[in-house]
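Below is one structure, written out as C-alpha cells; comments come after it.
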C-alpha cells in the first residue's frame, strides 16, 4: 500500500526558533498533500492544501507567513513553523492523495505525525 | 457549507454487542464519504469508503442520501475495535481536502 512518512517524529524547540517538518510519499507520487493539526483528544483540523509546483492554499485563520509550506517535488512537502511559540505546540499530520482512476475516488494516506513542543 | 457531524464523543459497548457510530453530513453536491480509524499510538488509516460498498473488519457503512447519513455498523464488537473513529467527506475533485468529523472514541469492554 501507499506509505507516507514524516520527519521528525518528535521535536522540541525553544520559543522563537523555526522548525521544518518533512512529509514524503515513499512509493507513489502525490501532486496534492495536506497538512493537518491535531490537538489532544480532538479531531484533525485542516491547515492547508499543498500543490506541487504552486502556492499552498491555506484555510481560514491559518497564518501563511507563520506556517510556510513548500511542495517542491511530487514526493515531498515541507511545513516550516516560523518563530514558534508555545501555542504552536501540537501534533502535525500530513497526508498525500492517491487519485483514483477516472476520478471515481480519492483516497488519502496519512503520515504518522510530528509532535512539536515549543518551550 | 461542508460539515461532518459525529454526535457521540465516546461510545462504550460490551464485547459481542452491536455497534453503530453515527455520522451525518452536509454538502452541496455528491460527496465521497469515508470512515478513518486511529488505533492507539498509530497513524490514521482508512477503514472504508462508501463507493466500494465493502465490509472491512466486519464494519459496514451505507450512505443514506435522504438522511444525509453514513453510519458505521458492526454486528458484534471485539476488544480490538477500541479506537478513535473519524467520519470524513470529500468532493470528487483531486484537490478537494477531506473534511473530518470530531471523532468518536469506541471503547469495547470485555
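Read the figures in this text as sums done on the coordinates, not as results from a lab. Just so it is clear, the model here is predicted, and its values are computed rather than measured.
Figures for the structure shown
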item	result
Region A:38-101 - convex hull of the alpha-carbon atoms, volume per residue in Å³	111
Kirkwood hydrodynamic radius over Cα pairs of region A:1-50, then Stokes diffusion coefficient at 37 °C and 0.692 mPa s, in µm²/s	253
5 Å-binned pair-distance histogram of chain A (Cα, whole percent)	2, 12, 22, 25, 20, 11, 5, 2, 1, 0
Square roots of 5 times each gyration tensor eigenvalue, C-alpha, chain B, largest first, Å	24, 14, 13
Cα gyration tensor shape of the protein assembly as shown, rounded if a/c is under 1.5, else prolate or oblate by comparing a/b with b/c	prolate
Share of alpha-carbon pairs per 10 Å distance bin for region B:1-55, given as whole %	17, 45, 33, 5
